[in-house]
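The values are calculated or read from the model by the stated rules, or taken from the named source; none is laboratory data. As the structure is a computational prediction, the values presented were derived from the model and not from experiment. Ideal geometry is used to build each Cβ from the backbone, glycine not excepted, and the neighbour counts take in all protein chains shown. The area values use the complete protein model at the heavy-atom level, side chains included, leaving out ligands, DNA and RNA. Shrake-Rupley method; radii C 1.70, N 1.55, O 1.52, S 1.80 Å.
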Protein chains: 2
Amino acid sequence: MNSKTPCVILVEPQLAENVGMAARAMKNCALRELRLVNPREDHLSAKALSASSNSEEILQQAKVFASTEEAVADLQYVLATTARHRDQTKMVYNADAGAAAVATRLANGEKCGLMFGPERTGLRNEDICLADAIINVPLNPEHCSLNLSQAVLLVGYEFYKTQAAISAPGLVTNHTTVADKEKVLLFCKNLESRLEQFANYKDEHKKEKLVINLRNIFTRAEMTEQELNTLYGVINYLSGK
Amino acid sequence: MNSKTPCVILVEPQLAENVGMAARAMKNCALRELRLVNPREDHLSAKALSASSNSEEILQQAKVFASTEEAVADLQYVLATTARHRDQTKMVYNADAGAAAVATRLANGEKCGLMFGPERTGLRNEDICLADAIINVPLNPEHCSLNLSQAVLLVGYEFYKTQAAISAPGLVTNHTTVADKEKVLLFCKNLESRLEQFANYKDEHKKEKLVINLRNIFTRAEMTEQELNTLYGVINYLSGK
């Protein structure tokens, strides 16, 4: 169970509200398993549940541990998220490379975890040394402080991207198709045929440029057949036809 | 001024606190210019300033506009962030592809903007049609609601990544260098020389396997010279030398 997503380990989170918001961020990224090491407040309090905003099940199923060692005991690959440079010899990944490293281990059948420290201080060195490597989220070095749930969101988002095989949705056409080039050119020629009396059309050189420009404009617009019909209507109206 | 980063346009934000948190997220991502269209609350209120957490200057320099049209008037390329599919024929980018599109236009000298809608409803169609394309942040389709500042953070983060020429920091070694292979092998041989009386060492086949395994372990560990010295000390101690 949960073998295909990493668990999120919050080490000594201070505020129940932040745990709730972290659960919400996890759900945004399709992460499910939450582990808490010595939370200071009750993660099932009204404040936490309300902050989780429809992610209560993550809080309800969260496991509480007395130490970080116990929380990572059954995991095979753990990444620790830190903002500052740490005095430890450890591989440091950017969030995307770290997410890719986790995805590789998961595909290999390993149980993985993403570890986050307390709000004010971040992870202690004795927690970090339990992790295989470090994740740094690349942000403005002059202002890189994130709240806990934002850190979970950014790392979770990078992991989600590795899993979702997301391709750009591309051009959304609303119940119609993008016009093919023949139709676009037909429209352009129709328009051009109405320009015989246009001043710029009488000079052969200017005319050539004008035609190229117009064709570029309407080609670049990636119009649908519906939009092309709309333009025909407009031009018919303008030219009094 | 600000020609190298896109401005952030918040259309009719409801809560001053969210505007403050959005300013904080902007600073995380090194974005500077904030534009507000008809904010419901005062973006310079104590609540907003406190939520901005050391990003007050972004709020203080924010410009307020009476309409989205005025807010985008001087921009050449605008992306609208939406969570849901919209009934408009418009290019839809994932956040990373959208950020790359903006980066390309900025490099080209164009002024760009990232537009976000009100907390509850998101952008209206009449705002979206002022944008060149749409940004969708890829998230769990079963739970993709983000608060305003998180949406700004994720899109800003993707933009930051395009600008920072960020490479993985790699292995952090603390005032010492990674040991070269000669030193690692010397250590392995030293260790092996102490195993003559070890049961598995007497069977030639088992010995061969053991040596390979040990050498793999210590090679994979990417040890620094300092760590290697520590291990020498441990082994000397264990073997009573």
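One table, with the values for the structure above:
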item: The range B:66-118: number of residues that are assigned to a helix (DSSP H, G or I), open to solvent by 40 Å² or more (accessible area, probe 1.4 Å) and within 11 Å of chain A (Cβ to nearest Cβ); result: 2
item: Residue within the range A:31-38 that is among the charged types (D, E, K, R), within 21 Å of the chain's Cα centre (by Cα) and away from chain B (no Cβ under 14 Å) present; result: yes
item: Unique residue being among the polar types (S, T, N, Q), assigned by TED's automatic domain parsing to the domain that holds A:Thr81, open to solvent by less than 50 Å² (accessible area, probe 1.4 Å) and touching a residue at least 60 places away in the same chain (Cβ under 8 Å) when the list is A:Asn140, A:Asn147, A:Asn136; result: A:Asn147
item: Flag for A:Ala83 being modelled with pLDDT under 95 and within 25 Å of B:Ser145 (Cα to Cα); result: no
item: Verdict on B:Ala16 being of a type in the set (Gly, Ala, Ser) and either within 14 Å of another protein chain (Cβ to nearest Cβ) or free of Cβ contacts under 8 Å to residues at least 12 places away in the same chain (or both); result: no
item: So A:Leu185, is it open to solvent by less than 70 Å² (accessible area, probe 1.4 Å) and within 14 Å of another protein chain (Cβ to nearest Cβ); result: no
item: Given (1) under 28 Å from B:Val178 (Cα atoms); (2) open to solvent by 20 Å² or more (accessible area, probe 1.4 Å); (3) more than 11 Å from chain B (Cβ to nearest Cβ), index of the condition A:Gln60 fails; result: (1)
item: Total residues in the range A:196-208, condition under 48 Å from the mean Cα position of the chain (by Cα) and either surrounded by 14 or more Cβ atoms within 10 Å (Cβ to Cβ) or under 25 Å from A:Glu227 (Cβ atoms) (or both); result: 1
item: Which listed residue, of B:Cys129, B:Cys112, is over 25 Å from B:Ala30 (Cβ atoms) and not acidic (Asp, Glu); result: B:Cys129
item: Scan of the range A:23-33 for residues that are open to solvent by less than 10 Å² (accessible area, probe 1.4 Å) and among the small types (Gly, Ala, Ser), ordered by number; result: A:Ala23, A:Ala25
item: Meets criteria (polar (S, T, N, Q), open to solvent by 20 Å² or more (accessible area, probe 1.4 Å), outside any loop (DSSP other than H, G, I, E, B) and in the same structural domain as B:Gly113 (by TED's automatic domain parsing)) for B:Asn18; result: yes
item: Failed item in (1) open to solvent by less than 20 Å² (accessible area, probe 1.4 Å); (2) assigned to a helix (DSSP H, G or I); (3) farther than 16 Å from B:Leu153 by Cα; (4) not charged (D, E, K, R), with B:Ser50 passing the rest; result: (1)
item: Of residues in the range A:1-15 being surrounded by fewer than 18 Cβ atoms within 10 Å (Cβ to Cβ) and of a type in the set (S, T, N, Q), the one farthest from A:Asn147 (Cα to Cα); result: A:Ser3
item: B:Leu36 open to solvent by less than 40 Å² (accessible area, probe 1.4 Å) and under 24 Å from A:Leu154 (Cα atoms); result: no
item: Filtered residue count, the range A:119-143, keeping only those that are assigned to a loop (DSSP other than H, G, I, E, B) and more than 10 Å from chain B (Cβ to nearest Cβ); result: 10
item: Failed condition for B:Arg194, given (1) at pLDDT 85 or above; (2) facing chain A (nearest Cβ under 10 Å); result: (2)
item: Some residue of the range B:160-175 being open to solvent by 70 Å² or more (accessible area, probe 1.4 Å), within 14 Å of chain A (Cβ to nearest Cβ), within 31 Å of the chain's Cα centre (by Cα) and at pLDDT 80 or above; result: yes
